[in-house]
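Engineer: Quick one: the structure is below, questions incoming.
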Amino acid sequence: MSTTVTPVRPEQGRADRARSAAPGRAFAPRGLVTKLPEALRKLDPRAMVRQPVMFTVLIGSVLTTAYCIAEPSVFAVVVTLWLWATVVFANLAEAIAEGRGKAQADALRSARAETTARALVDGAETVVPAARLGIGDLVVCEAGDVIPGDGDVVEGVASVDESAVTGESAPVIRESGGDRTAVTGGTRVLSDRIVVRITAEPGTTFLDRMIALVEGADRQKTPNEIALNALLASLTICFLLAVVSLQPFAAWAGGPQSVPILVALLVCLIPTTIGALLSAVGIAGMDRLVRRNVLAMSGRAVEAAGNITTLLLDKTGTVTLGDRQAHAVLPADGVAEAHLASAALLASRADGTPEGRSIVEFCAGPPALPGGPAAEDASAAAGEPVPFSAQTRMSGLDLPDRRVRKGAASAVRRWVAENGGADDPGVAAVVDRISAEGGTPLVVAEADGGTARVLGVVHLKDVVKAGLRERFAQLRAMGIRTVMITGDNPRTAAAIAEEAGLDDFLAEATPQDKLDLIRREQEGGRLVAMTGDGTNDAPALAQADVGVAMNTGTSAAKEAGNMVDLDSDPTKLIEIVEIGKQLLITRGALTTFSVANDVAKYFAIIPAMFAAIGGYEGLAALNIMGLASPQSAIVSAVVFNALVIVALIPLSLRGVRYRAMNAEAMLRRNLLVYGVGGLVTPFIGIKLIDLVVMFIPGMV
Amino acid sequence: MSDIVAGLLQASLLFSILAAVYVPFGDFMARVYTGTRHLRVERALYRVCGIDPDADQHWSGYLRAVLAFSLLSVLALYLLQRTQQWLPLAIGMAPVDPDQAWNTAVSFAANTNWQSYSGEAAMSHLTQMAGLAVQNFLSAAVGMAVAVALVRGLIRRRTELLGNFWVDLVRGVFRILLPIAAVGALLLVAGGVVQNLAGPAEYATVGGGTQVLPGGPVASQEVIKELGTNGGGFFNANSAHPFEGPTAVVSLFQILLILVIPVCLTRTYGTMLARSGAGTRRHGLAVLAAMGTIFTLSLVGTTAAEMAGGGSATQAAGAAMEGKEVRFGEMLSALFATATTGTSTGAVNSFHDSFTPFGGGLVLLNMLLGEVTPGGVGSGLYGMLVLAMLAVFLGGLMIGRTPEYLGKRIGPREIKLIALFVLTTPALVLIGTGIAMALPGTPGAMTNADVRPHGFSEVLYAFASGANNNGSAFAGLGADTAFFNTGIGLAMLFGRYLPMVFVLALAGSLAQQQPAPATGGTFPTHKPLFVAMVVATTLIITGLTFFPALALGPLAEGLS
């Protein structure tokens, strides 16, 4: 089983990073202006052809521009300007979304500044440029050096400042052997000396990949994006046919339409809202992950996260706090609980381990055992501490008149026997019971003057993290099964799984078991997410649909996973799933909104086109918004269509608010907001715009 | 008894019978398509044709079989019409013109039964019986086979085998269509529909004049025309002809025949899902509920529009009675019209051209929806399932999952096929109508060229009817021109077979997948919310595509 190392994490560093990229700040109206030049650069047709919807608008804009030049009129000019605005707004959304990543990439790039490496060739150091290092080269890094490339520590141990990559200011330990060998290029050694074997070619290091990712340089369309694009393209074709075929119909009716009107109708109908914001939504989704210090190696992985149906969680560090904590004190026959507690407290004073500290907290805590123990503090100060050692497997305190010990049952019982005390069968039974339940029993004994005696047992157990039960209940509501992976025996595992509210567990798990479990789940059509950090996690990480490697883990693990969590916080898997879902929901909501908008636009444009023709006057009844004139109606619809893009940029960057609830409730809510909302909003919006537009000379 | 009471009784009788046969007949069809045993006659047929009935076909093989068989059908029918004067039972008929023969061949092979000819004046009895009636059986069975193949695609996992087309075809004909048709024909004869091999006979009327009364094997063709949602009448006047639809009871029975297979196929679907564990019977009911909701809305709308009528003449008559049989009355006409346009049948017992603008607009809309309410035999089911998957795609995104239906993911390949399917018929209708309206000769074919919106509706209706394989006519359009014969022929051909290509490819791609298990995070596809989404998706997609066209036709006419 792998162990998960959870580094101490000052929340401050993370909070700063999060704040600097907070959505409110990143999208200020000012951003619309500053990103304008970039948006105009994006008008390049070679780039725009990748977005069928907006490319159609671009062609429409060119057509109306040509018409304007041939037959200028106020109406045609206004329509043309707003069509161009529609295209520019779409590019603006993308530019703003990309801008947030670019700022982050620049910060990362500064860490990659030209470095030299002290290469170790045949035992001798030579200084070479970092860019010339190859895989397998050995380099020496000492305090103050920047590590020149990704690699594994093969010799020595050092504390490393990884803040350049993780934003995390507390140094971490990197050492040869074990699961903490990986070092990242661009990080700085703070103390000691290590020898690193380079594992990545220059240009393909973690930092390089990270920069490319946050910049979205090699952003590829995800399967869902491709699917949605296909749907949007076919809707566009559908409406193109509807508009093109309308001309002969209109001619028969006696009212052939001008180019700007037909283009305006087309642009209003095709799903420009989602078409304009689709790439911004994708970029922003990746960005949300980056802001939570998770690097997704591909957008595909983010999307897969939303589909996850099984979540594999390591027990230690994810479900439980990782360290065992005092849970109860169980006195032997004839011993007062307070007496046992005070002895345990004294014996743990010198014990700096998390277990020892938890005993101190537990026994000194007023609610648990009021009175007694606190009084012992004074005497403790006078005593001689006996620290824990692997040989004695006990710790304790020697006072002038009294010695107390606590430790592993066998060690303490031996100590009692050596000091002339008798074994207590009642205590032995308690010890066995606690062990069988998966807890850790620590026996407490004292020697008061001559003979020693056993006072009782402190029950240490894994403590489930607060709030997890609710979290898992939410996941269940979302249809996600949670499975705990642990090296513990099945009985312990069952107890913890029950306490944490997990759906299932895999006890006494070997890496192979884990891999088999993932395969089994996948064969049943499920998608699996997991976290891991050890080299032996690598196959499972690679097999999982979403494998999140801890940044503290080995390079093999980081290579195998499709995401890296820079904070090395396994609980974050849950957030990753939520971000994945949010991404899809945002796309779906905008698509629905976009299509629902069309109804109102028809009611604006169709009567404007035909109600003036003899025999078709009845169509005036469709002008239910009471728009001032045919021209103002069409302009209002086009203006609304363009402005709605700008209005929805913040939503596309922030994502639709996601709350854990079951699928049907969520769908009902989103249908109501974005479906019905999308139906009603444009009726109001177009009417309001018309109230302004009608004052433009030449419109009425 | 007032017309309204009679109409309501007729409708409730119809729906009661449908409800009564829904479970047994639906389950029976499920057994037909899932059984492993072959009847002796079937086995003999397979041996003669060299077919291995137990070999499943890859989706592309299934498709090739569908297309090859249909091509053969078109050719055979074309030849039969062109040579009918030399064949037996010619009753003095000349060969059919090439463009009309092509149109009719495609029309019957494609389950459309658009008729630019007048049956009693153009087709020999042999052509009617061995050509048209046979195609009525075969084209219906082809539609059902394709629907069953799609259902298998949803059910099966990790395979691309969709069953055997020849077996599905043969079973559909021998076990479902033929037995019902045999019984149905007898009932029709009992109801007064003619059945003989006589040629036209001249009689002296009471008034002293003479009248030519046509005869023919009408009942046997009438029954499959309705049952297979084909719609091609023996006579030009179709089911309004007293020899085809003599009484209101017969007319009601015809509506029952029209609806029974498309409606009960949803039960077949649910049962096949439930038996295989891929879904539940409620999934089938949900599909029926979506179909039924739109059908009911349309029926109520059409009936209301026709009852209200318009203008003083119709007020005096009590309703818009022009073009309708007094034997049937207003409500039975509206019911028949809704059933025939909602099912791709196209048989008529009244003339849609004479409906009020809104009533006529609604029957037109039924076809534009893609014939899914409840649609043609088989084609209605697969059409609705494709729309359901489209709805699932939009809805699925909004719950944060890659959309899936019955655990099968709607990924890039699937959505492309779905989009192509949904795009095909609107494209054919709009392009066809657009070209027709741009041609100078078109106004001459219209009966109502002076009322421009109505004239336009006639052309729009013709292409909607052809591309969606309905086959009914707005009647006002003189469609026996080279342009309309060829154009509508192409619309029927592509409108029938392109969607089949996409739907079978979709079935193949679905069959390959291992379904994801249903969890709390799955969008339930058997509940009212899903039904509402499918209805809304169907109406909005069609509504948005055809709003301009409908505005210039029925809406402009009705609002003026």
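Values quoted throughout were computed directly from the atomic coordinates according to the rules given, and no laboratory measurement underlies them. This is a predicted model, so every value here is computed, not measured. Note that each Cβ is placed from the backbone with ideal geometry, even for glycine, and that neighbours are counted across all protein chains shown.
Engineer: Among A:S342, A:V673, A:T535, pick out the residue whose Cα is farthest towards the positive end of the charge dipole of chain A, where Lys and Arg carry +1 and Asp and Glu carry -1 on C-beta, about the Cα centre.
Structural biologist: A:V673
Engineer: Using DSSP to call loops (not H, G, I, E or B), can you name the trypsin sites (Lys or Arg not before Pro) in segment A:650-693 whose Cβ has at most 12 other Cβ atoms within 10 angstrom? Mind showing how you got there, number by number?
Structural biologist: Details: sites: A:R654, A:R657, A:R659, A:R668, A:R669, A:K687; in loops: A:R657, A:R659.
Loop-located and lightly packed - A:R657, A:R659.
Engineer: Take A:E168, B:E42, A:E71 and order them by how many other Cβ atoms sit within 10 Å, fewest up front.
Structural biologist: Placing the least packed residue first, the sequence is A:E71, B:E42, A:E168.
Engineer: For the pair A:D44/B:K527, report the inter-label distance in nm, with labels modelled 7 Å from Cα in the Cβ direction.
Structural biologist: Placing both labels 7 Å beyond Cα along the Cβ direction yields 4.9 nm.
Engineer: I'd like the Karplus ³J(HN,Hα) series for segment B:541-554: coefficients 6.51, -1.76, 1.60, θ = phi - 60°, whole numbers in Hz, and an x wherever there's a Gly or Pro.
Structural biologist: Here the 3J(HN,Hα) series is 4, 5, x, 5, 5, 10, 3, x, 5, 5, 5, 7, x, x Hz.
Engineer: May I pose another question? Can you give the FRET efficiency for A:S389 and A:S298, using 1/(1 + (r/R0)^6), R0 = 41 Å, r = Cβ-Cβ distance, to the nearest 0.05?
Structural biologist: 0.25
Engineer: Please arrange B:V48, A:V644, A:V259, A:V577 by counting, for each residue, the other beta carbons lying within 10 Å of its beta carbon, fewest first.
Structural biologist: B:V48, A:V259, A:V644, A:V577
Engineer: Using the Karplus curve 6.51 cos²θ - 1.76 cosθ + 1.60 with θ = phi - 60°, work out ³J(HN,Hα) for each residue of segment B:169-186 in order, rounded to whole Hz, and write x for Gly and Pro.
Structural biologist: 5, 5, 5, x, 6, 6, 9, 10, 6, 4, x, 5, 4, 4, 5, x, 4, 4
Engineer: Suppose each label sits 7 Å from its Cα in the direction of the beta carbon; what would the A:D192-A:R657 distance come out to in nanometres?
Structural biologist: Distance between the two pseudo-spin positions: 4.9 nm.
Engineer: So how far apart, in nm, are the two label points at A:A131 and A:V676 if each is 7 Å from Cα heading toward Cβ?
Structural biologist: Placing both labels 7 Å beyond Cα along the Cβ direction yields 6.1 nm.
Engineer: Additional query: Quick one: Cα centre-to-centre distance for segment A:232-262 and segment A:660-700, in angstrom?
Structural biologist: Result: 24 Å between the Cα centres.
Engineer: Taking each residue in B:410-423, count the Cβ atoms of any other chain within 10 Å of its Cβ, then average. What number comes out?
Structural biologist: The per-residue average across the peptide is 5.
Engineer: Can you pull out the chymotrypsin sites (Phe, Trp or Tyr not before Pro) in segment B:252-314 that DSSP calls coil and that have at most 13 other Cβ atoms within 10 Å?
Structural biologist: Sites meeting the loop and neighbour criteria: none at all.
Engineer: Just to confirm the number: angle between the C-alpha axis of helix A:425-436 and the first principal axis of chain A, 0 to 90 degrees, nearest 10?
Structural biologist: 20 degrees
Engineer: Structure shown: which of A:K35/A:K601; A:K581/B:K408; A:K35/A:K581 lie over 20 Å apart, alpha-carbon to alpha-carbon?
Structural biologist: A:K35/A:K601; A:K35/A:K581
Engineer: Taking the Cα atoms only, what angle lies between the long axis of helix A:223-253 and the longest principal axis of chain A, rounded to 10 degrees?
Structural biologist: So the inclination is approximately 10 degrees.
Engineer: Right, next: Over chain B, what relative contact order in percent results from Cα pairs under 8 Å that are six or more residues apart?
Structural biologist: About 20 percent, as a whole number.
Engineer: Nearest 10 degrees, 0 to 90: what angle lies between the long axis of helix A:468-477 and the longest principal axis of chain A (Cα atoms)?
Structural biologist: Value to nearest ten degrees: 40.
Engineer: Work out the P(r) tail for chain A: percent of alpha carbon pairs separated by more than 36 Å, whole number.
Structural biologist: On the way: 137656 of 244650 pairs.
The proportion of pairs with Cα distances above 36 Å equals 56 percent.
Engineer: Quick check: the distance between the Cα centres of segment A:537-593 and segment B:63-119, to the nearest angstrom?
Structural biologist: A separation of 61 Å, based on Cα centres.
Engineer: I've got another one for you. From the cross-link list A:K42/A:K572; A:K315/A:K406; A:K465/A:K514; B:K225/B:K527, which pairs have alpha carbons spaced over 25 Å apart?
Structural biologist: A:K42/A:K572; A:K315/A:K406; B:K225/B:K527
Engineer: Further, regarding this structure: Would you grab the residues whose amide H sits under 5 Å from the one on B:G215? Only those 5+ places off in sequence or on another chain, please, with H modelled 1.01 Å from N.
Structural biologist: B:A201
Engineer: Tell me, B:V41, A:V635, B:V194 in order of fewest to most beta-carbon neighbours within 10 Å?
Structural biologist: B:V41, B:V194, A:V635
Engineer: What number, in nm² with one decimal, is the all-direction average of the projected area of the convex hull of the alpha-carbon atoms of chain B?
Structural biologist: The number I arrive at for chain B is 25.4 nm².
Engineer: Follow-up question, since we're still on this one. Taking just the alpha-carbon atoms of segment A:219-284, what radius of gyration and Dmax come out, in angstrom?
Structural biologist: Both quantities, over Cα of segment A:219-284: 15.5, 50 Å.
Engineer: Tell me, what ³J(HN,Hα) does each residue in segment A:84-93 have, in order and in whole Hz, if you take phi through Karplus 6.51 cos²θ - 1.76 cosθ + 1.60 with θ = phi - 60° and put x for Gly and Pro?
Structural biologist: The phi angles translate into 4, 4, 4, 5, 5, 4, 4, 5, 4, 4 Hz.
Engineer: Under 5 Å between amide H atoms, partner at least 5 residues away or on a different chain: which partners does B:G471 have, H built in plane at 1.01 Å?
Structural biologist: For B:G471, whose amide H was placed from the backbone, the distant partners under 5 Å are B:G466.
Engineer: Give, in whole angstrom and from largest to smallest, the semi-axes √(5λ) of the equivalent ellipsoid of the protein assembly as shown, with λ running over the eigenvalues of the Cα gyration tensor.
Structural biologist: Values for the protein assembly as shown, descending: 73, 37, 27 Å.
Engineer: In segment B:104-118, whose amide N lies under 18 Å from the spot 7 Å out along Cα-to-Cβ of B:T486? List them in ranges.
Structural biologist: What the label zone holds, given the 18 Å backbone N cut-off, is B:104-107, B:116.
Engineer: By its C-alpha gyration tensor, with a ≥ b ≥ c as the square roots of the eigenvalues, how is segment A:116-214 shaped: rounded for a/c under 1.5, else prolate for a/b larger than b/c, else oblate?
Structural biologist: Numbers: a/c = 1.61, a/b = 1.10, b/c = 1.46.
Oblate shape, in that a/c is at least 1.5 and b/c is the bigger or equal ratio.
Engineer: A follow-up question, please. Under 5 Å between amide H atoms, partner at least 5 residues away or on a different chain: which partners does A:V157 have, H built in plane at 1.01 Å?
Structural biologist: Correct list: A:R193.
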